[in-house]
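This report concerns only the one structure given below.
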Amino acid sequence: MANDTSNLRWLAQLAKRLIQATPVRSALATGATLVSQGALMVGMLLPIKVIMLLGMDAVPSYMPAPLEQMALNTLILLLSGLAVVFYGIYSLGERVANIAVDSSAADMVRQAGKVVLFENQNHMAANGYKKVVNSLAGILFALAVLALLGLIYPELSLALIVFTLLCIPFAHGKYRQSIKQANPQLFNQTLNHLGNISFLLTFAVAIVDHLYSVAPSVLFIIVALILSRQASSKIATSMMDLAEVLRLRDKLSALFFQEHLLSIPPATDSSGIWAELSPQELPHWVSEVIQQAGHTNLNADNLRIDWLQSTIPNVFVFRASDLASEDAWIIKIYDTSRTSLALHETSLLSSPNAAALPAPRLVHSTVLNGYQVHLLALPKAATAMEDRLKLGYGINQIGIALCFWTPPQELVTAYCRSRPLLWQKLQNDFLDTLTITANTEQRQLIAKLNRALPEIRTLLSKLPLVITNPSLNYHTIVQMSEHTFLALQWGQWGLDVLGSNFPPNDGGIKNVCRAVEKLHEDKPEVNLSAAKLACWLAGIEGCQSGQRFLDALDMLPGIETCLEELGLIDSSRPESNPPAQT
């Protein structure tokens, strides 16, 4: 409740600030928006009326007296012309409002006298200003419509007001839920549904009143229904705009208020997923998840929980140990913004033959208050890596182990339908960006590589597919034995050709050779040079994505060697020394 009061107070302060800083332009923008909304409503209503008149033989009797006396064709032409006029008024009003908003927002940002705070701040300021103006105009428009309805159809106006008041608690609950789940669409969809229901309610009231009571004329009923629909729509749109303004509260405050600083929200608060991680809640739900996995004899008093570093924001990892049985588990809880990682990890760790992966076994997956939770069984031999010098060796061992794990066909099919493999990324313009930073000799080599791309794609497409894991680091690896390691994080796994899963350096090439040498026992058709080429090309693709063009150029000699081994380019080289890179 205190937070709601704070939001309302801030919205009032923001509106006051906008009006005080640019009173004339704020009034102009609000008035122009109000006029444009009214004009749009009339401009959309008139064509419908014209269509109705086209199917009649004479002017209907319920038309007002001045219009009823006109000829039918004259009335049709008049209403059609008025529709165009009102649409022109709408366009003009929107144009005036946009000019006033843009100039006012820019002036207010300048008046704050601050340095540039973030990208597109002027656009955000104008957008926030526009939403406040639209909300104010929408609320005024809805109040005017309700007042007009109260004059021409009091029963309908009363029904709409009562329904709106009854919807406030429900809409407020959905708003708080959308904030907790970081899902603004939940609140917007709720308001749209309530707006549709309000129209159906007013329609039912009009029908019942017309059948069983004394209702206004048909024309008044039609106008009243259209007005009620517009009123409910404007109320819903205004609330959506205000919710969006509140979502940008920190940035808009820093832009429009001199005394407000741009602050980074705290990493933790008392709501959302952090409430589940509190010392009071964590042991409770961790023990409950473990018991759901079949360990019903677990005593919560014997449970020890240690925080682990996940290295992925909003993914939280714990080691849970039963001091009595010495069983251990890895517990992961994913914030709602990381649900896709949880589902991606589940698709791999629950696939056939997943037990052969260098990963703990996934024993249970559930949802806790909207957050994905994974429970993995940690072998008793698993220990944290105490020697950081073994990190590279551990990563290489996991990479080699993945070369011998055959992905299930269902997993391969689903992945290949979603994301391109390395050889599919090698389009004709793959290396065009590198020519900007390359020297003459490097450009010549790039040209040779471009000419060989069709053959390269064919060779790489014949390599076996292996799982890749970019989340391997000191915190996400445990050691089983001197040569065996397990990876704890698999939410970012990928699938690509053999060789691309090793780092593009001399050490990575050595591991490619080791992996292919072992694979030749079962798959003698695997081409070692093609696998090494995949390693270098994957490195270049990654460097280009990160705009590390000089690092990418440093990999060209390795690619040249592989192409010579494959016979795709001439092995002869110029006698001159290579020029320095520019």
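Could you work out how far apart the two model spin labels at Val85 and Met52 are, taking each label as a point 7 Å from the Cα in the direction of the beta carbon, and quote it in nm?
With each label placed 7 Å out from Cα toward Cβ, I get 2.0 nm.
For Thr468, which sequence-distant residues (separation of 5 or more, or a different chain) have an amide H within less than 5 Å of its own amide H, given hydrogens modelled in the peptide plane?
Gly494, Leu495, Asp496
I'd like the distance separating the alpha-carbon centroids of region 408-484 and region 54-84, in whole Å.
Region 408-484 and region 54-84 have Cα centres separated by 70 Å.
Specify whether the C-alpha gyration tensor of region 274-381 places it in the rounded, prolate or oblate class, a ≥ b ≥ c being the square roots of the eigenvalues: rounded for a/c under 1.5, otherwise prolate if a/b is larger than b/c and oblate if not.
Oblate shape, in that a/c is at least 1.5 and b/c is the bigger or equal ratio.
To the nearest 10 degrees, how steep is helix 282-292 against the longest Cα principal axis of the chain, on a 0 to 90 scale?
On a 0 to 90 degree scale, this one is about 70.
Put +1 on the Cβ of each Lys and Arg and -1 on the Cβ of each Asp and Glu in region 275-392; which of Leu389, Thr346, Phe316 then has its Cα farthest toward the positive end of the dipole?
The Cα lying farthest towards the positive end belongs to Leu389.
Give the peptides 382-389, 238-245, 411-418 in descending order of average Cβ contacts within 10 Å, highest first.
With the highest mean Cβ count within 10 Å placed first, the list reads 238-245, 411-418, 382-389.
For every helix of n ≥ 4 consecutive DSSP H residues, a contribution of -39,500 (n - 2.57) applies; sum these over the chain, divide by its total residues, and give [θ] at 222 nm rounded to the nearest 500 deg cm²/dmol.
Theoretical 222 nm ellipticity from helices: -19500 deg cm²/dmol.
Give, in nm to one decimal, the length gained when the segment between Arg110 and Met70 is fully stretched (0.36 nm per residue of separation minus the Cα-Cα distance).
8.7 nm
Roughly how large, in nm² to one decimal, is the mean projection of the convex hull of the alpha-carbon atoms in region 1-125?
The directionally averaged projection comes out at 12.4 nm².
So what's the gap between the Cα centers of region 485-518 and region 154-194, to the nearest angstrom?
52 Å
With the other protein chains left in place, how much accessible area per residue, in square angstrom, belongs to region 320-476 at a 1.4 angstrom probe?
47 Å²
So how far apart, in nm, are the two label points at Val24 and Tyr474 if each is 7 Å from Cα heading toward Cβ?
Rounded to a tenth, the inter-label distance reads 6.4 nm.
Can you tell me the relative contact order of the chain? Whole percent, Cα pairs under 8 Å, sequence separation 6 or more.
9 percent
Over all directions, how big on average is the projection of the convex hull of the alpha-carbon atoms in the chain, in square nanometres?
For the chain, the mean projected area of the Cα convex hull comes to 40.2 nm².
On a 0 to 90° scale, report how tilted helix 506-519 is relative to the longest principal axis of the chain, with both axes built from alpha carbons and the result rounded to the nearest 10.
It is inclined by approximately 80 degrees.
Can you tell me the 0 to 90 degree angle between the C-alpha axis of helix 2-21 and the longest principal axis of the chain, rounded to 10?
70 degrees
Do the alpha carbons of any pairs in Lys174/Lys234; Lys380/Lys523; Lys16/Lys180; Lys462/Lys518; Lys130/Lys251 sit beyond 22 Å of each other, and which pairs?
Lys380/Lys523; Lys16/Lys180
Starting from the Cα of Ala182, step 7 Å along the direction of its Cβ; do the same at Asn3; then give the gap between the two resulting points in nm.
1.4 nm
So, R0 is 25 Å and r is the distance between the beta-carbons of Thr311 and Asn353; what FRET efficiency does that work out to, to 0.05?
0.40
Counting only Cα, what are the radius of gyration and maximum Cα-Cα distance Dmax of region 1-72, in Å?
Taking only Cα atoms of region 1-72, I get Rg and Dmax of 22.2, 63 Å.
Of the options Tyr129, Leu533, Ser36, report the single residue whose Cα projects farthest towards the positive end of the charge dipole of the chain (beta-carbon charges: Lys, Arg +1; Asp, Glu -1).
So the residue we want is Ser36.
Accessible area per residue for region 1-60 in Å², computed with a 1.4 Å probe and the full protein assembly in place, what is it?
Result: 55 Å² per residue.
Taking the C-alpha atoms of region 431-577, how large are the radius of gyration and the largest Cα-Cα span, Dmax, in Å?
For region 431-577, the Cα-based Rg and Dmax read 16.7, 52 Å.
Could you work out what % of the accessible surface of the chain is carbon and sulfur, using a 1.4 angstrom probe and leaving DNA, RNA and ligands out of the count?
Answer for the chain: carbon and sulfur cover 59 percent of the accessible area.
I need the per residue convex hull volume for region 151-251, using only the alpha carbons, in cubic angstrom as a whole number.
Roughly 93 Å³ of hull volume per residue.
The values are calculated or read from the model by the stated rules, or taken from the named source; none is laboratory data. Quantities reported herein were computed from a predicted structural model and do not represent experimental measurements. Please note: Cβ atoms are built from the backbone with ideal geometry, for glycine as well, and neighbour counts cover all protein chains shown. Surface accessibility is based on the protein's heavy atoms, side chains included, excluding ligands, DNA and RNA. Shrake-Rupley method; radii C 1.70, N 1.55, O 1.52, S 1.80 Å.
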